[in-house]
Amino acid sequence: MNYCEITDEALCKLHKSGDQLAFDELYSRYTTLIRSLARTYFLAGGDEEDLCQEGLIGLFAAANAYDEEKQGSSSFKTFAYRCIKSRILNAISLSHAEKHRALNDSVSITQMENESSGVSPEDTIINEETLNEFIDSIKGQLSPFEIQVFNLYVAGNKYTEIARTLGKSPKSVDNAIQRIKEKTKRLR
């Protein structure tokens, strides 16, 4: 059987019936699409190959779920594109949610100091001054864009909110935050 001459829809049917070569053909047809979508996005803590893997899972899900009767006039290509993109975006969304878990579950340093029983008011003021000096030294190392990102990030804004506020992409915001973290590590 020459799989190159079979339509995507027919390949889905063959795949569902257990024909592994049918999915291999679908994969070869959609590799370029998966790679181009993966290059479009950024996965914090991951790389393009991780997003390609997510895209492949999306393609596999599309091949398993596609039903010409249910999809109506939608072609497999359209359905696969939506599944692949959805899977990639979901992976990115989950990585951002997990990434901020420590920040979301944390307690303010000054709140902890004020609540602890052994801290004097003088120590509280000294600690606040030390923290402010550290923040000032961080800001002295940052570009104007990084300072804007830093202020919005510390205020509790999400990447997408920061990007929208500054008119930048979430990827450029993430890159700025990664640079800020590296510069902060060097100051310690």
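Read-outs throughout are calculated quantities, based only on the coordinates presented, and are distinct from any laboratory measurement. A quick note: this is a predicted structure, and the numbers were derived from the prediction, not measured. Quick reminder, even Gly has a Cβ in these numbers, built from the backbone with ideal geometry, and neighbours come from all protein chains shown.
Could you tell me the largest-minus-smallest coordinate of the C-alpha atoms of region 3-99 on each of the three principal axes, in descending order and whole angstroms?
42, 24, 21
Using Cβ contacts closer than 10 Å as the measure, can you line up Phe145, Phe60 from fewest to most? Display every interim value, and only then the final one.
On the way: Phe145 14, Phe60 18.
Ranked by crowding around the Cβ, least crowded first: Phe145, Phe60.
Taking a threshold of 29 Å on the Cα-Cα distance, which of the pairs Lys85/Lys158; Lys85/Lys168; Lys16/Lys171 fall above it? Before the final figure, lay out the partial values.
Values: Lys85/Lys158 21 Å; Lys85/Lys168 21 Å; Lys16/Lys171 37 Å.
Correct reply: Lys16/Lys171.
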